[in-house]
Amino acid sequence: MSNDTAFPPNLLPDEASPDWFNKADNAWQLTAATLVGLQSIPGLMILYGGGVKKKWAVNSAFMVLYAFACVMFCWVTWGYRMSFGSKILPFWGEANVALDQKFLLDPAFLGKFPSATMVYFQSVFAAITLILIAGAVLGRMNFYAWMIFVPLWLTFSYTFTAFSVWYPHGFLAKMGLIDYSGGYVIHLSSGVAGYTAAYWVGPRLTKDRERFPPNNILLMLFGAGLLWMGWTGFNGGDPYVVSNDASLAVLNTHLCTATSLLTWVALDIIFFRKASVIGAVQGMITGLVCITPAAGVVQGWAAIIMGLCSGSIPWITMMVIHKNSELLQKVDDTMAVLHTHAIAGSLGGILTGLFAEPKLNRLFYGSSGHYIGLFYGFHDKSRIGSGVRQMGVQFTGILFVVFVNVLTTSIICILIRLVVPLRMSNEDLEIGDDAAHGEEAYAIWGNGDRQENSFYRGSINPKIELPVNTNRAARRAEKT
């Protein structure tokens, strides 16, 4: 049968849609990538901006905006090929550009779409990893140090783990590590790197550590909502195909997240007699993180169990162990990324090793091979060894990611502080945004905000008189 009669005209291959190209897969992959991008811009940008003390709102949001743009540039210039290119080491690819049309229009290393789509999809994952690290150092890191940190960490840390875990030639990928969508590469990495960076940068001012209220909880919730809904693309896009496994991954993602949030809120009520919306956001995040390495390879009941674990175990480490540990409190982790990402990501990786179902592994990987959860290995007695081996691989992955991120992040921070201070001066920390950027989040309204310090002074309409902050005016009158 000829192609003219086998396909409708809109499905016939042509120069723009070769015979290897799947239009539906490509459309979903681009959509999923954009959903992940929205998690950062504006999701985490406004979550951080609303979730910090008022004087740090601009700086926190700007750290996100800068990181997203910087990663995109570095990714196409050298980062993508180091993460998904020709192997030079078992954990690293060869640096090269991803800019020429021949490379970008050829098939990606996986999936039925061009490399241009894959470069874009992977770029937003790389970007959100750096942005999650920023959560640990909000409220005191020198912005110029952050500008240097982003490209260095992307180059000498992220590319290591991405190549090792996700690229078919990476050594952990060959061992059979199950990381469906970034529990190791993104969340464990960002949690460990963020906590390590927080150690080297140093703490916030004592009064800021003791009292650091969100300046706008509703804005923070809006960012959290974008983060949650954007996870549809985060986990739903990683099969690289429009499939029933992608559908399962999306459902499991939301099921685990909802269960985790409810569990966290229940624990807050039981022990503190009050339901905290900030706690609910933390439970939401730990649920999203925990299900990420398992999303499409576990059944729905396992997703619920994972949600119960992600809503309780990180709660215990954050609210009980951390608060009673002088050692942990020596590091000022602003957004608690150690608990919400490192611990929740490790927990997800371990639970994946328990609950990964052989048929679902086959749907995702194309062959079940040695991918089997420990519980299913015990059920199929002939595969007990494979199940035990899978747990060993999952733990090996955790150790590797922790080692790489502690080492590389420490070296990067030590090198940066030879050039610029990692931490802002105490005088600048007292001021916040105005000292760092000459701008403030609430330039007209709000207690203590100064409209006159904006670069854009005065009203654009000469007939409108701007409101005066009478409290500040009174203080100035007292001084004079």
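The values are calculated or read from the model by the stated rules, or taken from the named source; none is laboratory data. Only a predicted model underlies this, so the values are computations on that prediction, with no experimental measurement involved. Because the Cβ atoms are built from the backbone with ideal geometry, glycine has one as well, and the counts that use them run over all protein chains shown. Ligands, DNA and RNA are excluded from the accessible area calculation, which covers all protein heavy atoms including side chains. Shrake-Rupley method; radii C 1.70, N 1.55, O 1.52, S 1.80 Å.
Scanning for something surrounded by 18 or more Cβ atoms within 10 Å (Cβ to Cβ), part of a helix (DSSP H, G or I) and touching a residue at least 60 places away in the same chain (Cβ under 8 Å), does region 251-267 turn up at least one residue?
no
Does residue 80 meet the test of being out of contact with any strand residue (DSSP E or B) (no Cβ under 7 Å at 6 or more places or on another chain), in a helix (DSSP H, G or I), of a type in the set (Ser, Thr, Tyr) and farther than 27 Å from residue 167 by Cβ?
Values: out of contact with any strand residue (DSSP E or B) (no Cβ under 7 Å at 6 or more places or on another chain): yes; in a helix (DSSP H, G or I): yes; of a type in the set (Ser, Thr, Tyr): yes; farther than 27 Å from residue 167 by Cβ: no.
Judged against the criteria, residue 80 is not a match.
State yes or no: is residue 111 in a loop (DSSP other than H, G, I, E, B), in contact (Cβ under 8 Å) with a residue 12 or more places away in the chain, in contact with an Asp or Glu (Cβ under 7 Å, 6 or more places away or on another chain) and more than 29 Å from residue 333 (Cα to Cα)?
Details: in a loop (DSSP other than H, G, I, E, B): yes; in contact (Cβ under 8 Å) with a residue 12 or more places away in the chain: yes; in contact with an Asp or Glu (Cβ under 7 Å, 6 or more places away or on another chain): yes; more than 29 Å from residue 333 (Cα to Cα): yes.
Yes: the conditions hold for residue 111.
Any idea which of (1) over 30 Å from residue 214 (Cα atoms); (2) assigned to a helix (DSSP H, G or I) is the one residue 68 doesn't satisfy?
(1)
Please go through region 166-186 and pick out each residue that is closer than 16 Å to residue 94 by Cα and open to solvent by 10 Å² or more (accessible area, probe 1.4 Å).
Going through region 166-186, the residues closer than 16 Å to residue 94 by Cα turn out to be 166-171.
The answer is 166, 167, 168, 169, 171.
Residue-wise test of (1) more than 23 Å from the chain's Cα centre (by Cα); (2) over 24 Å from residue 440 (Cα atoms); (3) not in a loop (DSSP other than H, G, I, E, B).
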{"site": "14", "(1), (2), (3)": "yes, yes, no"}
{"site": "31", "(1), (2), (3)": "no, yes, yes"}
{"site": "40", "(1), (2), (3)": "no, no, yes"}
{"site": "48", "(1), (2), (3)": "no, no, yes"}
{"site": "57", "(1), (2), (3)": "no, no, yes"}
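Of the conditions (1) within 22 Å of residue 124 (Cα to Cα); (2) touching a residue at least 12 places away in the same chain (Cβ under 8 Å), residue 20 clears all except one; give me its number.
(1)
Yes/no per residue for (1) over 30 Å from residue 155 (Cβ atoms); (2) at pLDDT below 85:
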site: 403; (1), (2): no, no
site: 431; (1), (2): yes, no
site: 459; (1), (2): yes, yes
site: 462; (1), (2): yes, yes
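If I ask for residues that are in contact (Cβ under 8 Å) with a residue 60 or more places away in the chain and either out of contact with any helix residue (DSSP H, G or I) (no Cβ under 7 Å at 6 or more places or on another chain) or open to solvent by less than 40 Å² (accessible area, probe 1.4 Å) (or both), which ones from region 273-284 would you list?
Taking region 273-284 as the starting set, the residues that turn out to be in contact (Cβ under 8 Å) with a residue 60 or more places away in the chain are 277-278, 281, 284.
Of everything in region 273-284, those that are in contact (Cβ under 8 Å) with a residue 60 or more places away in the chain and either out of contact with any helix residue (DSSP H, G or I) (no Cβ under 7 Å at 6 or more places or on another chain) or open to solvent by less than 40 Å² (accessible area, probe 1.4 Å) (or both) turn out to be 278, 281, 284.
Which of the following residues is of a type in the set (A, V, I, L, M) and closer than 19 Å to residue 349 by Cβ: 201, 192, 241?
On the way: 201 fails: closer than 19 Å to residue 349 by Cβ; 241 fails: closer than 19 Å to residue 349 by Cβ.
Matching residue, one of 201, 192, 241: 192.
State which residue pairs qualify: first residue modelled with pLDDT of 95 or more and among the hydroxyl-bearing types (Ser, Thr, Tyr) and inside region 190-206, second residue crowded, with 24+ Cβ neighbours inside 10 Å and assigned to a loop (DSSP other than H, G, I, E, B) in any location, beta carbons under 7 Å apart, and separation of 6 or more residues or different chains.
Final answer for the pair search is 195/136; 195/333.
List, please: which pairs have Cβ atoms under 7 Å, are six or more places apart or on different chains, and start with a residue in region 137-156 that is charged (D, E, K, R) and end with one that is buried (at least 21 other Cβ atoms within 10 Å of the Cβ) and in a helix (DSSP H, G or I)?
From region 137-156, the pairs are 140/201.
I need the helices (runs of 4 or more DSSP H) fully contained in region 287-402, keeping only those with at least 3 residues that are open to solvent by less than 50 Å² (accessible area, probe 1.4 Å) and touching a residue at least 12 places away in the same chain (Cβ under 8 Å). Can you show your working first?
Working: elements: 300-316, 326-329, 344-355, 358-365, 374-379.
Per the criteria, 300-316, 344-355, 358-365, 374-379.
Looking at 123, 83, 60 in this structure, which one is among the small types (Gly, Ala, Ser) and closer than 20 Å to residue 416 by Cβ?
Details: 123 fails: closer than 20 Å to residue 416 by Cβ; 83 fails: closer than 20 Å to residue 416 by Cβ.
Step by step, each of 123, 83, 60 is checked, and only 60 is among the small types (Gly, Ala, Ser) and closer than 20 Å to residue 416 by Cβ.
Can you pull out the residues in region 120-158 that are among the aliphatic types (A, V, I, L, M), closer than 22 Å to residue 91 by Cα and open to solvent by less than 10 Å² (accessible area, probe 1.4 Å)? Spell out the reasoning first.
First, pick out the residues of region 120-158 that are among the aliphatic types (A, V, I, L, M): 124, 126-128, 130-134, 136-138, 141, 145, 147-148, 150, 152, 154.
Narrowing further to those that are closer than 22 Å to residue 91 by Cα: 124, 126-128, 130, 133, 150, 152, 154.
Within region 120-158, 124, 126, 127, 128, 130, 133, 150, 154 qualify.
For the list (1) under 29 Å from residue 112 (Cβ atoms); (2) touching a helix residue (DSSP H, G or I) at 6+ places or on another chain (Cβ under 9 Å); (3) of a type outside the set (S, T, N, Q); (4) touching a residue at least 12 places away in the same chain (Cβ under 8 Å), I need the number of the one condition that residue 65 fails.
(1)
In region 210-250, how many residues are of a type in the set (A, V, I, L, M), part of a helix (DSSP H, G or I) and open to solvent by 40 Å² or more (accessible area, probe 1.4 Å)? If you could, list the steps in order and put the result at the bottom.
Step one: filter region 210-250 for residues of a type in the set (A, V, I, L, M), giving 217-221, 224, 226-227, 229, 241-242, 246, 248-250.
From what's left, part of a helix (DSSP H, G or I): 217-221, 224, 226-227, 229, 246, 248-250.
Going one step further and asking which of them are open to solvent by 40 Å² or more (accessible area, probe 1.4 Å), we end up with 217-219, 221, 226, 229, 248.
Total satisfying the criteria: 7.
Can you pull out every residue in region 262-313 that is among the aliphatic types (A, V, I, L, M), under 28 Å from residue 376 (Cβ atoms) and in contact with a Gly (Cβ under 9 Å, 6 or more places away or on another chain)?
Initial filter on region 262-313 (among the aliphatic types (A, V, I, L, M)): 262, 265-267, 269-270, 275, 277-278, 280-281, 284-285, 288-289, 291, 294-295, 297-298, 302-306, 308, 313.
So of that shortlist, the ones also under 28 Å from residue 376 (Cβ atoms) come out as 262, 288-289, 291, 294-295, 297-298, 302-306, 308, 313.
Those that are among the aliphatic types (A, V, I, L, M), under 28 Å from residue 376 (Cβ atoms) and in contact with a Gly (Cβ under 9 Å, 6 or more places away or on another chain): 262, 289, 291, 294, 295, 297, 298, 302, 306.
Based on this model, can you work out whether residue 419 counts as closer than 27 Å to residue 110 by Cα, in contact (Cβ under 8 Å) with a residue 24 or more places away in the chain and not aromatic (Phe, Trp, Tyr)? Break it down stepwise before answering.
Details: closer than 27 Å to residue 110 by Cα: no; in contact (Cβ under 8 Å) with a residue 24 or more places away in the chain: yes; not aromatic (Phe, Trp, Tyr): yes.
Taking the combined requirement at face value, the residue does not satisfy it.
Residues in region 73-87: is at least one at pLDDT below 95, surrounded by fewer than 21 Cβ atoms within 10 Å (Cβ to Cβ) and of a type in the set (A, V, I, L, M, F, W, C)?
no
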